[in-house]
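See below for the structure under consideration.
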Amino acid sequence: MELVERESALAELAGRARRAQAGDGGLVLVAGEAGVGKTALLERLARELPDARWSWGACDGLFTPRPLGPLFDVAAQLGGPLAELGQAGAGRDELFAALLRQVSEPGVLDVVVIEDVHWADEATIDLLRFLGRRLKTAPALLIASYRDDGLAADHRLRLALGDLAALRSTSRIRLDPLSAAGVRLLSAASGLDPAELFQLTGGNPFYITEVLQAGMREVPAAARDAVLARAAGWTRGRASCSTSRRWSAPGSSRGSSRRSRPARRRSSTRSSPPACSPRTAPPRAAAGCASGTRSPG
């Protein structure tokens, strides 16, 4: 599926990568609702930067988040001293420093992606703070993606974003749902009424893709199930904050490496707001809220 209305975001990321390659590294924060295409955008950037060294990590919406889970994902892909320290159960200060040293090596652009940081444990948010302040002279780019439509004012990530956004080396990109014109362009060959498709999906690329692939005139059950799963995961993630604090103390960073995550993840693993709301749901979903039914949103 082609990317629509993402040209400016892609150009901004590519420009930021060129600056990083020249030794002006930093952090890019990519925000947007579930299914808006954050992963698709980053995968497109990876295809356009084949000479860069890419490492991918992800936060999981678990009842008890893995302390520094994304760091261990990245270590499994980078190998070297970072992976060795992780396997030896080193503390987080050593792990942070080892990652910084490894991505600061000259000769290659390092791009480290951490997805779904709205689910991040406190130690992972500390990693973002640590790297965000120190990559400004490194040939490296750290990209963190997150859902911004369900963050409470006192959410630990929102508090960290306030500090990170003040840094000169930090850039922010927000992806919005597609416009009616974008939906028309994306669905041009489908035979579906673009106005009806826009009303049905609210311009959410994930919903649009599911409808087009299924050749249906309603959001398929698979997409609805994915949204419900995301809603449950988002609720669990917020409920687990107090538990994650207990496990994210400086001495709690020991853990085992897991397999390197694939470069493409299904959008159906992402979260959604814990409640159906006409304010946050696309138009068709908002109608479902009013009638007491659960609709995509």
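Derivation of every value follows stated rules applied to the coordinates shown; laboratory data play no part. Since the structure is predicted, the reported quantities are computational estimates derived from the model, not experimental observations. When we count neighbours, we look across all protein chains shown, and the Cβ atoms used for this are built from the backbone with ideal geometry, even at glycine.
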Item to check | Ranked by how many other beta carbons lie within 10 Å on average, peptides 160-173, 29-42, 102-115, 50-63 from highest | outcome: 29-42, 102-115, 50-63, 160-173
Checklist entry - So how far apart, in nm, are the two label points at GLU7 and GLU94 if each is 7 Å from Cα heading toward Cβ? => result 5.1
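So how much slack lies between ALA165 and GLU84, counting 0.36 nm per residue of separation and subtracting their Cα-Cα distance, in nm? Don't skip to the answer; put the middle values down first.
Working: separation 81, 0.36 × 81 = 29.16 nm, distance 3.25 nm.
Full extension from ALA165 to GLU84 adds 25.9 nm.
Between ARG19 and ASP193, how high is the FRET efficiency from 1/(1 + (r/R0)^6) when r is the Cβ-Cβ distance and R₀ = 41 Å? Nearest 0.05.
Details: r = 43 Å, r/R0 = 1.06.
Result of the calculation: an efficiency of 0.40.
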Checklist entry - Full extension from ASP154 to THR137: what is 0.36 nm times the residue separation minus their Cα-Cα distance, to one decimal in nm? => result 3.0 nm
Checklist entry - Given LEU49, VAL113, LEU151, which one lies farthest toward the positive end of the charge dipole of segment 7-176, if we put +1 on the Cβ of every Lys and Arg and -1 on the Cβ of every Asp and Glu? => result LEU49
